[in-house]
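The structure appears right after this line, and notes come after that.
The values are calculated or read from the model by the stated rules, or taken from the named source; none is laboratory data. Note that the structure is a prediction, hence the values are computed from the model and not measured. Note: ideal-geometry Cβ built from the backbone for every residue, glycine included; neighbour counts use all protein chains shown. Note: areas computed on protein heavy atoms with side chains; ligands, DNA, RNA excluded. Shrake-Rupley method; radii C 1.70, N 1.55, O 1.52, S 1.80 Å.
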Amino acid sequence: MIDLAVLHGIVGEQHVLTGDAAAPYLSDWRGRYIGAALAVVRPGSTAEFAALVRLCADAGVPVVPQGGNTGLCGGATPDASGRAVLLSTQRLNRIRAIDRDNDTMDVEAGCVLQEVQQAAHEVGRLFPLSLGSEGSCTVGGNLATNAGGTQVLRYGTMRELTLGLEVVTAQGDIWHGLRGLRKDNTGYDLRDLYIGSEGTLGIITAATLKLYPLPVARCTALLALSSIEDAIRTLTLARQGFGASLTGFELMAGNCLQAVQRCFPAQQLPFDAVSAALPWFALLELSDSESEARARERFETVLGEAIEAGCVRDAVIAGSLAQSRALWHLRESIPLAERELGKCIKHDISIPVSRMAAFVRDTNQALQQAFPGVQHVIFGHLGDGNLHYNVAHGEHGSESDLLARQDAVFEVVHDRVHAVGGSISAEHGVGQLKRDALSRYKDPVELALMHRVKRALDPLGIMNPDRVLPPAAI
Ligand code: FAD
């Protein structure tokens with residue numbers, strides 16, 4: 001047990017929250033998990049984080065790190081025991097340095113992603129990570145979940161965008177690993193271990209991120225398609241025609257755009273009718289450092305080929321940056337509009353693109369057999385082989401009936417993902433939502449090694465306990 005007065009002594013009384021003031025931090029964005037904590041503490045510096053973790057380690061008190069609290073797997077919500085101290089990175093939000101010649105920036109973990117993008121833009125550079133939650137999620141949360149988003153095709157996930165880290169270890173030491181080096185082979189890569197560890201190994205307090213040139217031209221189109229097979233054929237043509245300039249290829253089922261239309265009537269859909277006749281849509285984007293004219297020529301050539309090959313039924317090309325933003329806004333509104341269909345059972349899966357169409361067909365069929373009337377809400381980053389394959393109750397009983405059968409729905413979907421060599425978590429992480437499923441699908445040797453890493457770096461087991469790793473078999 002820790003005396004609140006000791007916490008006040010480290011960060012100041014106003015940054016130690018309890019009762020109603022703590023409540024917003026104790027449930028997740030979707031309202032699926034509600035936890036409790038001894039206190040929510042908002043340290044303002046790496047040194048304060050280190051002092052707090054040392055204190056918790058000495059007292060054997062669990063520590064739950066939290067950034068923007070937009071995670072979708074319940075990883076930032078403590079359990080209901082009320083023993084944990086929740087450490088929010090909200091106040092650790094400075095851009096420490098930007099090195100234009102080295103194309104890097106050092107930022108603190110609590111910086112909101114959009115502010116980091118903006119700071120890079122102000123010095124004529126691009127920080128390309130882009131997510132629907134970018135107005136609230138933080139760099140620390142992006143690192144802890146190895147976030148992906150809509151530009152992975154070209155720039156990679158958060159892991160590939162990061163060169164160095166500063167971390168407060170589970171003992172309360174500070175690892176000063178902020179390095180702007182693209183080559184550094186001096187032993188084990190601890191950076192890659194902490195990235196994606198969801199707060200279970202330590203607290204990331206700052207990072208050195210990679211910057212890129214701002215693209216000169218950007219071409220965006222919304223395509224109407226008859227099938228996922230056609231979407232994949234179009235993706236292949238776009239890869240061949242655009243090469244490294246292909247930035248995004250997002251797939252959306254027609255019912256997702258219908259939900260956006262119902263929820264946000266002010267948003268204009270460019271096609272007359274989103275109907276069963278147009279069951280799939282894709283958002284295609286090329287960005288280029290050559291001229292606007294050259295980019296548009298390449299874009300229209302590939303689209304022409306796709307239409308001629310019969311892959312694309314209809315296409316709308318954005319004529320301006322504003323129109324391009326409006327098309328992206330449709331895509332980014334899907335997670336919010338999805339709520340209108342009721343709380344969904346979410347699957348964040350990745351499988352080889354070549355197996356995607358058969359997977360969706362087989363899994364839709366299996367779900368209809370087991371849970372007749374459920375609604376499939378499917379969208380995601382097809383270019384990365386990553387779909388958000390979500391299931392809403394539709395005509396299948398009520399929302400609560402379906403949620404009560406979540407584990408059975410998971411099993412139908414995840415068994416099929418596993419059978420085609422896929423992953424049950426592409427970009428959202430594991431948290432508490434998929435923790436137990438890891439025992440079913442993860443290679444046992446890999447899982448045992450993960451437990452050993454956890455024991456080595458967090459021997460007291462205080463860092464975000466019972467998240468990510470299922471209980472050890474030995
Ligand atoms: P939190 O939710 O606060 O935390 C997430 C996990 O990271 C928790 O386990 C927490 O303990 C840990 N953590 C947080 N900060 C730290 C730290 N400094 N050190 C160590 N551990 C830490 N995700 C994608 O990948 N791609 C998408 O396209 C995408 N779209 C989304 C759209 C919407 C509308 C929403 C709501 C979410 C979306 N997400 C997406 C999920 C989510 O936004 C990301 O997982 C994001 O990276 C989480 O950041 P956060 O700061 O909110 O982290």
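How big is the accessible area of R100 in square angstrom, nearest 10, if you roll a 1.4 angstrom probe over the protein chains?
It works out to around 120 Å².
Just how much of H121 is accessible, in Å², when a 1.4 Å probe is used and the result is rounded to the nearest 10?
110 Å²
Obtain the nm distance between the two label points defined at A408 and Q261 by a simple spin-label model: each point lies 7 Å from its Cα along the Cα-to-C-beta direction.
Here the answer is 3.4 nm between the modelled labels.
Can you give me the angle between helix 254-263 and the longest principal axis of the chain, using Cα atoms only, in degrees from 0 to 90, rounded to the nearest 10?
Tilt of helix 254-263: around 70 degrees.
Given a 1.4 Å probe, how much area per residue of the chain is accessible, in Å²?
42 Å²
Could you tell me how many degrees, from 0 to 90 and to the nearest 10, lie between the Cα long axis of helix 46-59 and the main elongation axis, the longest principal axis, of the Cα atoms of the chain?
Computed tilt is about 60 degrees.
Calculate, in nm to one decimal, what V445 and H176 gain on full extension: separation in residues at 0.36 nm each, minus their alpha carbon distance.
Extending this stretch completely gives an extra 93.7 nm.
Give me the number: length gained by fully extending D314 to D192, i.e. 0.36 nm times residue separation minus the C-alpha to C-alpha distance, one decimal in nm. List each step's numbers first, then the result.
Numbers: separation 122, 0.36 × 122 = 43.92 nm, distance 4.25 nm.
Additional length available on full extension: 39.7 nm.
With everything on Cα atoms, drop me the angle between helix 292-308 and the longest principal axis of the chain, reported from 0 to 90° to the nearest 10.
Helix 292-308 and the main axis of the chain meet at about 60 degrees.
Modelling each spin label as a point 7 Å along the Cα-to-Cβ direction, I'd like the T236/V453 distance in nm, to one decimal.
3.5 nm
Going from most exposed to least, what order do T18, T220 have by accessible area with a 1.4 Å probe?
I get T18, T220, largest accessible area first.
What are the principal axis extents of the Cα atoms in region 47-123, in Å, biggest first?
47, 28, 17
Check the chain and count each lysine pair with an alpha-carbon distance under 26 angstrom, considering only pairs eight or more places apart or from different chains. Walk me through the numbers on the way to the answer.
Working: K183/K210; K343/K434; K346/K434; K346/K442; K434/K442; K434/K454; K442/K454.
Lysine pairs meeting both conditions in the chain amount to 7.
Calculate the translational D of the chain in whole µm² s⁻¹ from Stokes-Einstein, where the hydrodynamic radius comes from the Kirkwood formula applied to all Cα pairs, the temperature is 10 °C and the viscosity 1.306 mPa s. Show your work: numbers first, answer last.
Numbers: Rh = 23.4 Å.
The estimated diffusion coefficient comes to 68 µm²/s.
How large is the dipole of the chain about the Cα centre if only Lys and Arg carry +1 and Asp and Glu carry -1, each at its Cβ, rounded to the nearest 20 debye?
With Lys and Arg at +1 and Asp and Glu at -1, about 340 debye.
State the percentage of accessible surface on region 323-407 attributable to carbon and sulfur atoms; use a 1.4 Å probe and exclude ligands, DNA and RNA. Intermediate values should be presented prior to the final figure.
On the way: 1620 of 3360 Å².
Accessible surface attributable to carbon and sulfur in region 323-407 totals 48 percent.
If we restrict to alpha carbons, what Rg and Dmax does region 1-90 come to, in Å?
Calculated on Cα positions, Rg and Dmax stand at 12.1, 34 Å.
By average Cβ neighbour count within 10 Å, what is the ranking of 440-446, 306-312, 195-201 from highest down?
With the highest mean Cβ count within 10 Å placed first, the list reads 195-201, 306-312, 440-446.
So what is the calculated 222 nm ellipticity per residue for the chain, using -39500 (n - 2.57) for each DSSP H run with n of 4 or more, over all residues, to the nearest 500 deg cm²/dmol?
Working: 16 runs with 162 residues, N = 474.
For the chain, the value works out to -10000 deg cm²/dmol.
In whole percent, and with a 1.4 Å probe on the protein chains, what portion of the accessible area of region 141-195 is carbon and sulfur?
49 percent
With a 1.4 Å probe and all protein chains kept in place, how do K346, K434 rank by accessible area, largest first?
So the residues, ranked largest to smallest area, are K346, K434.
Quickly work out the D58-to-S291 label distance, labels modelled 7 Å from Cα along the C-beta direction, and quote it in nm with one decimal.
6.8 nm
Counting only residues 5 or more places away or on other chains, whose amide H sits under 5 Å from the amide H of A206 once H atoms are built in the peptide plane?
Those qualifying (amide H under 5 Å, at least 5 residues apart or on another chain) are A109, E166.
State the volume of the convex hull built on the alpha-carbon positions of region 137-185, expressed per residue in Å³ and rounded to an integer.
100 Å³
If I ignore ligands, DNA and RNA and count only protein heavy atoms, how much of W29 is accessible to a 1.4 Å probe, in Å² to the nearest 10?
Using a 1.4 Å probe on the heavy atoms, I get roughly 90 Å².
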